[in-house]
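Written below as structure tokens is the structure these notes are about.
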Amino acid sequence: MALPFLYLRTLSRRTSMGGKQLSAFTVVMGASAAFWMIFAQSGSVLSLFAERHTDRVVLGFDVPASWMQSVHPLFVLLLAPFVTRLRGGVTTKVAGALGVAGLSFVVMAGAALLAQEHRVSVAWLIAVYLLYSLGEIVLAPAGLALSAAVAPPGFTNRFLALNGMFAAVGVVLGGQLYRLTAVLPLPAYFLLMGTAVLTIGVALAAVARRLRPALPV
């Protein structure tokens, strides 16, 4: 998990990248990892929730829980032409993506609370995947654009790789934090994760004005 930070420090010594720009880039990339931490749990905690706690019977047919994994890419295809028209700085976009990611787990906390009494509608998960998709469409291109914009000449590929490395940090962290479901009730787990990511998004939005002058996009 420390690898992208160490690699970024190594690159800073080999380039003319300013300290303020380096710090701003690290803050935004580090915050973006929180989004991927939430996003990566689609295949674990959300899939298990779909299998164990949702009513998936449609017209007498029991929809397999694995089919729910198709909802996210479908939303991406449908929403991308509209969401990509949104304007704003990278910090604003990343903060917004963190906001919807955190909100998705707050919604899941409500669903998990109801699921303690009975199976809940699959509409809860569809709403969560909708928020996921909105966040991914906004954040993924913003991270790539920022990495390409701040990269010194000759280092573009390495900074684009850093964007992927920070995403990997989020995925690894999400996989480790999933273990908390063994000791925490699902409503508490979802609420804890959602609130944490929402807090990071709010903090990033609060410092956006200070970071913006150091960032080219």
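The requirement of being assigned to a helix (DSSP H, G or I), open to solvent by 70 Å² or more (accessible area, probe 1.4 Å), out of contact with any strand residue (DSSP E or B) (no Cβ under 6 Å at 6 or more places or on another chain) and over 13 Å from Phe35 (Cα atoms) is fulfilled nowhere in the stretch 160-168; no residue meets it. Of the numbered criteria (1) under 30 Å from Phe25 (Cα atoms); (2) at pLDDT below 90, the one His118 fails is (1). Going through Leu86, Leu8 one at a time, which residue ends up being modelled with pLDDT under 85, in contact with a Ser or Thr (Cβ under 7 Å, 6 or more places away or on another chain) and farther than 24 Å from Val122 by Cα? One residue alone meets the criteria, Leu8. Is it true that Thr91 is touching a residue at least 24 places away in the same chain (Cβ under 8 Å), in contact with a strand residue (DSSP E or B) (Cβ under 9 Å, 6 or more places away or on another chain) and open to solvent by less than 20 Å² (accessible area, probe 1.4 Å)? No: the conditions fail for Thr91.
For first residues located in the stretch 11-28 and open to solvent by 70 Å² or more (accessible area, probe 1.4 Å), partners that are part of a helix (DSSP H, G or I) and at pLDDT 75 or above and lie 6+ apart or on another chain with Cβ distances below 6 Å form the pairs Lys20/Ala214.
Here's the yes/no breakdown for (1) open to solvent by 50 Å² or more (accessible area, probe 1.4 Å); (2) more than 19 Å from Ser44 (Cα to Cα); (3) part of a loop (DSSP other than H, G, I, E, B):
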{"site": "Gly154", "(1), (2), (3)": "yes, yes, yes"}
{"site": "Val171", "(1), (2), (3)": "yes, no, no"}
{"site": "Phe190", "(1), (2), (3)": "no, no, no"}
{"site": "Thr199", "(1), (2), (3)": "yes, yes, no"}
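Tallying residues that are more than 20 Å from Leu134 (Cα to Cα), modelled with pLDDT of 85 or more and of a type outside the set (Lys, Arg) within the stretch 48-72 yields 7. Scanning the stretch 41-74 for residues that are open to solvent by less than 40 Å² (accessible area, probe 1.4 Å) and not β-branched (Val, Ile, Thr) gives Gln41, Ser42, Ser44, Leu46, Ser47, Phe49, Ala50, Arg56, Ala65, Met68, His72. Of all residues in the stretch 138-152, those satisfying the criterion of being open to solvent by 20 Å² or more (accessible area, probe 1.4 Å) and in contact (Cβ under 8 Å) with a residue 40 or more places away in the chain are Val138, Pro141, Ala145, Ala149. The set of residues in the stretch 94-126 that are open to solvent by less than 50 Å² (accessible area, probe 1.4 Å) and in a loop (DSSP other than H, G, I, E, B) contains only Val122. Has the stretch 127-136 got any residue that is surrounded by fewer than 20 Cβ atoms within 10 Å (Cβ to Cβ) and in contact (Cβ under 8 Å) with a residue 24 or more places away in the chain? Yes: one or more hits.
The values are calculated or read from the model by the stated rules, or taken from the named source; none is laboratory data. Please read all numbers here as calculations on a predicted model, not as lab measurements. Counting neighbours? That spans all protein chains shown, and the Cβs are built from the backbone with ideal geometry, glycine included. Remember, those area values only see protein heavy atoms, side chains included, never the ligands or the DNA or RNA. Shrake-Rupley method; radii C 1.70, N 1.55, O 1.52, S 1.80 Å.
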